[in-house]
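The values are calculated or read from the model by the stated rules, or taken from the named source; none is laboratory data. Being a predicted model, the structure only gives us computed values, none of them experimental. We place every Cβ from the backbone using ideal geometry, glycine too, and count neighbours over all the protein chains shown. The protein model used for the area step is the full one, side chains on, heavy atoms only, and it has no ligands, DNA or RNA in it. Shrake-Rupley method; radii C 1.70, N 1.55, O 1.52, S 1.80 Å.
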Amino acid sequence: MKDIVYTLTFYSYWHCGSGLAAGADVDLLVVKDAAGLPYVPGKTLKGLLREAAEELQQLNPEKYAQSDLEECMGKYETDSRNLKKGTCFFSNATLPMAEHEALEQNPELSEFLYDGLSATAIDPETGTAREHSLRKMQVTVPCQLEGSILNVPDDCVALIADSMKLIKRLGLGRNRGLGRCTLKMEGGKA
């Protein structure tokens, strides 16, 4: 078993939603930790990496065994009584420790991590904004986060590393230019 440490570098605004709003001001807030700092939930990363790993496995079943994918990330079953949990644990991707501590000591600086984007629906017939369609969402500025994947079976390290290379966007609005990113494995330790 290995523990994988990785960096997640964002090159554009990004939004991992909290499901909360800020009243009439902002419709969608980003997820934040107890200190009010942004992070990417481990389950979000696991889902993206699983999807990428499934694509790799389908494209090259000789190199990437289905059993490795299931051992690492679990197995989906239609019958919920037969779920198989994977061995891997995906931590949240957070700001590097030094940055996190500096922002905790100076909380007034954390406001510079966020911005707002507004959008409205356009009526295709008239070319004007539809009534009551203005939406505003909070986004996080480009930054670098760190995370880890624990208890990765030795046979799955290459699958995880190759899957990371396929992740190019993350979060809400990734099909509209938000969340451009790269995931890079920093190393493994036994």
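Listed values, structure above:
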| quantity | calculated |
| --- | --- |
| Length released on extending from Leu59 to Ala158, taking residue separation times 0.36 nm less the Cα-Cα span | 34.1 nm |
| Accessible area (Å², 1.4 Å probe, nearest 10) - Cys181 | 10 Å² |
| Leu166 paired with Glu99, simple spin-label distance in nm, labels 7 Å along Cα-to-beta-carbon | 2.7 nm |
| Gaussian network model of the chain, springs between alpha carbon atoms under 10 Å - residue of Glu99, Glu51, Glu71 with greatest fluctuation | Glu99 |
| Sites excluded, trypsin sites (Lys or Arg not before Pro) in DSSP loops with at most 14 other C-beta within 10 Å, longest stretch of the chain | 1-62 |
| Residue of Ser110, Ser118, Ser91 that the Gaussian network model of the chain assigns the largest fluctuation, springs spanning Cα pairs under 10 Å | Ser118 |
| Sum of -39500 (n - 2.57) over DSSP H runs of 4+, divided by residues of the chain (222 nm, nearest 500) | -7000 deg cm²/dmol |
| Added length on full extension, which subtracts the Cα-Cα distance from 0.36 nm per residue, Asp123 to Met185 | 17.8 nm |
| Extension gain from Lys75 to Ser12, taking 0.36 nm per residue of separation minus the Cα-Cα distance | 19.4 nm |
| Accessible surface, the chain, averaged per residue in Å² (probe 1.4 Å) | 59 Å² |
| The stretch 44-189 - percent of accessible surface contributed by carbon and sulfur, probe 1.4 Å | 50 percent |
| FRET efficiency, 1/(1 + (r/R0)^6) with R0 30 Å, evaluated for Asn175 and Phe112 via beta carbons | 0.65 |
| Among Ala98, Ala161, His15 the positive-end extreme of the charge dipole of the chain (Cβ point charges) | Ala161 |
| Set Lys43/Lys85; Lys43/Lys75; Lys46/Lys165; Lys85/Lys168; Lys136/Lys184 screened for pairs whose C-alpha atoms are more than 20 Å apart | Lys85/Lys168; Lys136/Lys184 |
| Heavy-atom accessible area ranking, 1.4 Å probe, most first, across Glu62, Glu146 | Glu62, Glu146 |
